[in-house]
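This report concerns only the one structure given below.
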Amino acid sequence: YRGFEEILRDREPEDAIPITQRICGVCPVSHAVASAQCLDSAFAVMPPDNGRIIRNLIQGANFLQSHIVHFYQLSLLDYVRGPQSPPFVPRFEGDYRLPDRNERELIQHYLQSFRVRILTHEMAALFSGKIPHVASIVPAGVTVPPTVDKVTAFLWRLNEVRSFIDDVYLPDVLTLARVYRDYADLGRSCGHFLSFGVFDLDNEPAVARRKRLFRMGRLKAGKPVPVNPAKIVEETRFAWYEGDAALSPHKGETKPAPEKQGAYTWLKAPRYDGEPCEVGPLARVMVALADNSLPELGKAIGQALADAGLEQRHLDSVVGRHLARALEAQLISRVMGQWLLQIRPNEPQAIDFKVPKSAEGYGLWEAPRGALGHWIRITGGKIANYQAVVPTTWNASPRDSRGVAGPIEQSLLGTPVKDEKNPFELARVVRSFDPCIACAVHLAAPGGRTRASFQLV
């Protein structure tokens, strides 16, 4: 338990942007933007075009970094044995299927990805001051003025990253999809998908009406439906917090109760209209496919599925999540070049704002891992309440008051495990969601039997 909500109480509202970034070291930009938009909403201000575009560029660079690190550093070693030296050992043993030639190639790409990730960090830092935990994102815009040299420095790095995504990352994902074809039938979660949308394309104050590259939407029983933020609640029946009520984040409470009977996690259980929802790249892709809002992405998905010998129904799977992440990265790397051309160096990137004595606001955005929401209530010019509902809380949520499991828990049900002391299959399923915090995954036998104990040193 870290208690960011308690840390923020009684502080200056602007403190929320740097503090909430410490929720995550991999996707701090998403927390910075969500928090800034939360304050934009409370302060009744909107960034000018330059501020909006620069926020998108910083966020886009962080998306590319996150997707690349997820595949190569956080997931690939579940499928590639590698040499007998760190970081390739210690490891699970068994079920490595790649031909030797493919394995050698993927190990070289694993090493190559480190330089590419450095480029994405440098891209973000050009407009953010530093990365991780950016310094330039503020209410109503950003503090770093756009200059021709920054645009040029960003662009050549972007071109190199884009080549890596097109020529290395996506082909590597397709290689795994062909060799591990059975994982296109494993890892199906709850069937409901939620996206808050990401990358603003206009300055519409109302977030639910704002035009975004990946739009806000929800998929229920395969059909697209609109998102109403008022239908979002968090339950705590099986979480180590006081109370069992389903509360809107506007009225949310974060009071730790580590001895709570029957609880088994520090994660709350977010629900939309009473239902668990999977969030993340797959959710964004599924929403875009349902309403054809991104025809270029739809075409790329169809081609990738055909190349791997798969059908659209296979997207809701371990393989599908990896494909969605790579294809999303490819699209983002292409549109970022267009955004650079929209920057106007001699125009402002932020506007003045005034902190109100009393106000409420919220920001709905996407981290690489999925839907991210920040809610604030200001009283007497200070933060009276702040709640953040993060992607892994949606995906790795515990059961709710009706006993319905969260997406990751549902995705594990029915997964065949050949050796329970070497649960290769479970690791691959869980990691396909890219869970963000180490304490987000729990395994329990129905009777409470301990399967294994681990000590980290």
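The values are calculated or read from the model by the stated rules, or taken from the named source; none is laboratory data. A quick note: this is a predicted structure, and the numbers were derived from the prediction, not measured. Counting neighbours? That spans all protein chains shown, and the Cβs are built from the backbone with ideal geometry, glycine included. Only protein heavy atoms, including side chains, enter the accessible area calculation; ligands, DNA and RNA are left aside. Shrake-Rupley method; radii C 1.70, N 1.55, O 1.52, S 1.80 Å.
So the values come out like this:
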quantity	calculated
For the range 242-367: rounded, prolate or oblate by the Cα gyration tensor [a/c cutoff 1.5]	oblate
Ranked order, 271, 162, 104 - accessible area, probe 1.4 Å, largest first	104, 162, 271
Accessible surface of residue 216 - all protein chains present, 1.4 Å probe, nearest 10 Å²	30
Accessible area per residue in Å² at 1.4 Å probe, computed on the chain	41
Computed lengthening from residue 334 to residue 155, 0.36 nm per intervening residue step minus Cα-Cα distance	63.3 nm
Percent carbon-and-sulfur accessible area, the chain, ignoring ligands, DNA and RNA, probe 1.4 Å	53
Cα centroid separation - the range 224-292 against the range 407-439, whole Å	20
Förster-model FRET efficiency, 25 Å R0, residue 341 and residue 203, C-beta, rounded to 0.05	0.85
Sum of -39500 (n - 2.57) over DSSP H runs of 4+, divided by residues of the chain (222 nm, nearest 500)	-12000 deg cm²/dmol
Rounded to the nearest 10 Å², the accessible area of residue 377 at probe 1.4 Å	80
Charge dipole magnitude, Cβ of K and R +1, D and E -1 - the chain, Cα centre, debye nearest 20	220
Projected-area mean, the range 291-440, by convex hull of Cα positions, square nanometres	14.6
For the range 154-168, Karplus couplings with θ = phi - 60° (6.51, -1.76, 1.60), whole Hz, Gly/Pro x	5, 5, 5, 5, 4, 4, 5, 5, 4, 4, 5, 4, 5, 9, 10
The chain - Rg over Rh from alpha carbon coordinates, Kirkwood radius	0.95
Distance (nanometres) between label positions extended 7 Å along Cα→Cβ at residue 417 and residue 179	2.5
Probe 1.4 Å - accessible area at residue 327, Å² to nearest ten	10
Where labels lie 7 Å past Cα in the beta-carbon direction, separation of residue 379 and residue 230 in nm	2.3
